[in-house]
1. Return the only residue of Asp339, Asp312 being open to solvent by 40 Å² or more (accessible area, probe 1.4 Å), within 27 Å of Ala53 (Cβ to Cβ) and more than 13 Å from the ligand (Cβ to nearest atom).
2. Exactly one of (1) closer than 18 Å to Asn59 by Cα; (2) open to solvent by 20 Å² or more (accessible area, probe 1.4 Å); (3) within 15 Å of the ligand (Cβ to nearest atom); (4) not hydroxyl-bearing (Ser, Thr, Tyr) is unmet by Gln304. Its number?
3. Of all residues being free of Cβ contacts under 8 Å to residues at least 24 places away in the same chain and small (Gly, Ala, Ser) in segment 118-161, which is farthest from the ligand (Cβ to nearest atom)? Just the residue, please.
4. Are there any pairs, at least 6 apart or on different chains, whose C-beta atoms fall under 6 Å, with the first in segment 162-190 and without any contact (Cβ under 8 Å) to a residue 12 or more places away in the chain and the second open to solvent by 20 Å² or more (accessible area, probe 1.4 Å), and if so, which?
5. Among the residues that make up segment 226-236, is at least one of them under 19 Å from the mean Cα position of the chain (by Cα) and within 27 Å of Ile169 (Cα to Cα)?
6. Show the residue pairs that are 6+ apart or on different chains and have beta-carbon atoms under 7 Å apart, the first residue being within segment 65-92 and touching a residue at least 60 places away in the same chain (Cβ under 8 Å) and part of a loop (DSSP other than H, G, I, E, B), the second being more than 14 Å from the ligand (Cβ to nearest atom) and open to solvent by less than 50 Å² (accessible area, probe 1.4 Å).
7. Residues in segment 96-106: is at least one of a type outside the set (S, T, N, Q) and under 26 Å from Pro258 (Cα atoms)?
8. For segment 315-334, what are the residues that are more than 9 Å from the ligand (Cβ to nearest atom) and out of contact with any strand residue (DSSP E or B) (no Cβ under 8 Å at 6 or more places or on another chain)?
Amino acid sequence: MIRATEPTLTSIREKVEAGERLSLDEGVFLYRPDVPLPEVGELANLVRERKNANRTYYNINTHLNPTNVCVYRCVFCAFRSDLRSPRGYLMNDEQILARGQEAVDCGATEMHIVGGLHHQMKYDWYLNLIRLLHDAYPRLHLKAWTGVELDWFARMTGKPMRTVLQEMIDAGLGSLPGGGAEIFHPEVRDQICEHKADAGRWIDIHRTAHGLGIRSNATMLYGHIENAFHRVDHLIRLRELQDETGGFQTFIPLAFHPENTGLSHIKKASGIMDLRTLAVARLMLDNFDHVKAYWIMLGIGTAQTALAYGADDLDGTVRHELIYHDAGATTPEILAVEDIRRLIIEAGREPVERDTLYHRVVRDGAEWQTAEPLAAG
Ligand code: V47
């Protein structure tokens, strides 16, 4: 017999329509395969349109992964390399600056920088990389270093996190990407990346960044050994920090790509799971303005469909992505601006080019300016 307190789709619908917050039990319920996905999607779409109307955001961006050599051995990662492996690489200043020049020449407004924790490179190398790029290309927003990398810098130097972040900001850091979050719950985290910053540390680093006035994103890696409870628990931990600081911009669910990883026996999450995860995230994260359908990870078809399942952002044109392509992603390595706009229009949405901080970008030939921030409802 169903107890009166158990969630139902009707009771959840009433709460979403009234703008009320969903509980952990309700989030887990929405993951049940017998709860029809189109109805979950319809509710997520309601929230998406309430917050962002018909707009779908994208930016012109590029990735820089300055090294893949990493002391950590996260079982889900196909990108990392040992120092002595023929795959291992480390970019020099000239190569890094060339990437900055290429980005600027292509009209990029953002460079997303993450990489391995190279045991021979000191903190100053990571700090100087930011300074080098910022001094040469001051208009290029540097969205750099995951909570895990920042934790490594603090441990390496013995400096407080606040100092590390402030030094990075002074050198030109613009915001933090959302990586390194994986799954917060220790039942899972201890099995996939037990050695790196734990949930409390990751959250505390983002809290410190928000306190210093910079924004950040948040991710969740799903489709491996976690279950619905772990995913919803993860979302609630993010929601709690957002209540406290309001510093998160965008949530990005990341589907695990198994190829060339220590979990290659796991099958990649289905499109249904991808859409359900986006929709549940949109419903649980009532205090996040944006949910991103990262097309590199989802594939173009699912990313386009996701625009009706809660997502309002497709990430960017993306140049030089390695983390997903090393793990078997079959998506193209770059999308032209016309293609990304066409995908959005075809999905019945209005394409809006944004910068990293969600200001509208206005272009006139090779020149670009930002207009007012785009307020989410
Ligand atoms: O933290 C690593 C994930 C993340 C695999 O902030 C994998 O705008 C799937 O955080 N299969 C890095 N995922 C990427 C990231 C990101 C991406 C796009 C936009 C933003 C943003 C952030 O990639 C890692 C990890 O969770 N990851 N290996 C893999 N085999």
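1. So the residue among Asp339, Asp312 that is open to solvent by 40 Å² or more (accessible area, probe 1.4 Å), within 27 Å of Ala53 (Cβ to Cβ) and more than 13 Å from the ligand (Cβ to nearest atom) is Asp339.
2. All conditions pass for Gln304, except number (3).
3. Gly158
4. Within 6 Å, no pair qualifies.
5. No, the conditions are met nowhere in segment 226-236.
6. Going by the 7 Å Cβ cut-off, the qualifying pairs are Pro66/Met91; Pro66/Ile96; Pro66/Leu129; Asn68/Gly88.
7. Scanning segment 96-106 turns up no residue that is of a type outside the set (S, T, N, Q) and under 26 Å from Pro258 (Cα atoms).
8. Residues satisfying the conditions are His325, Thr330, Thr331, Pro332, Glu333, Ile334.
The values are calculated or read from the model by the stated rules, or taken from the named source; none is laboratory data. Given the structure is predicted, the values throughout are model-derived calculations rather than measurements. As a convention, Cβ positions derive from the backbone with ideal geometry for all residues, glycine included, and neighbour counts pool all protein chains shown. Ligands, DNA and RNA are stripped out before the accessible areas are found, and what is left, the full protein with its side chains, is counted by its heavy atoms. Shrake-Rupley method; radii C 1.70, N 1.55, O 1.52, S 1.80 Å.
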